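Single-structure report; data block below.
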Amino acid sequence: MKLPDFESFEPFNDLREKMGAELWTMEESFDERLHISLYEKSVLDTDYLLLNMNQLARDADYRLRFKNANVVLLEDSIFHLAACSIVAKKEGEQKLSWKIDNQKVCIDCLHQMNYEGVNLHKTRRQIHNEKISTQFNLEQYWKKNPNFPLKSRKITIF
Ligand SMILES: [Zn+2]
């Protein structure tokens with residue numbers, strides 16, 4: 001049986017308009033495999049989620065991704081913004097968040113993302129690299145590079 005296309009069915013569209021209801025497409029409706037839940041969002045905002053490495057992916061620019069959000073991976077003294085060489089070796093559960101305490105950004109991540117010209121292979125960049133990593137501010141970074149909600153993009157699974 002062929003179903004009518006309700007999106008082009010005049011009485012339906014008139015009624016929808018009167019109700020002020022917006023038409024949702026499949027992409028916009030909530031899918032727990034692709035979208036973080038309100039609970040996950042509130043935990044990322046205030047604390048951290050314990051996630052297995054196989055729940056994470058990376059964006060084309062190497063930023064760490066959980067569903068439709070970029071996240072950072074927390075360690076005791078540093079945090080990772082990207083799938084750097086250290087993160088690539090991690091296994092099992094890790095702490096993922098949107099906020100940090102006193103951790104410093106991982107310089108390997110900045111190198112991986114080519115952030116502001118950070119390059120660990122060029123010794124003459126050492127002072128520049130240190131300056132950029134010392135000045136790195138996660139909140140400002142998120143403001144310039146919104147981390148949620150992200151559209152589906154090309155991602156790579158770990
Ligand atoms: Zn790192």
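Bear in mind that the values in this text are calculations on the coordinates, not laboratory data. All of these numbers come straight from a predicted model, not from anything done at the bench. Every residue, glycine as well, gets a Cβ built from its backbone with ideal geometry; the counts of neighbours run over all protein chains shown.
Annotations
- ASP59 being charged (D, E, K, R) and either crowded, with 17+ Cβ neighbours inside 10 Å or within 13 Å of the ligand (Cβ to nearest atom) (or both): yes
- Matching entry among LEU120, LEU96, LEU110 (being of a type in the set (A, V, I, L, M) and under 15 Å from the mean Cα position of the chain (by Cα)): LEU96
- Pairs, first without any contact (Cβ under 8 Å) to a residue 40 or more places away in the chain and within 16 Å of ASN54 (Cα to Cα) in region 78-89, second more than 7 Å from the ligand (Cβ to nearest atom) and charged (D, E, K, R), C-beta under 6 Å, six or more apart: ALA82/ARG63
- Note on region 85-102: residues that are surrounded by fewer than 19 Cβ atoms within 10 Å (Cβ to Cβ) and either part of a strand (DSSP E or B) or touching a helix residue (DSSP H, G or I) at 6+ places or on another chain (Cβ under 9 Å) (or both) total 9.
- Residue within region 68-81 that is of a type outside the set (Gly, Ala, Ser) and either farther than 24 Å from ILE132 by Cβ or more than 14 Å from the ligand (Cβ to nearest atom) (or both) present: yes
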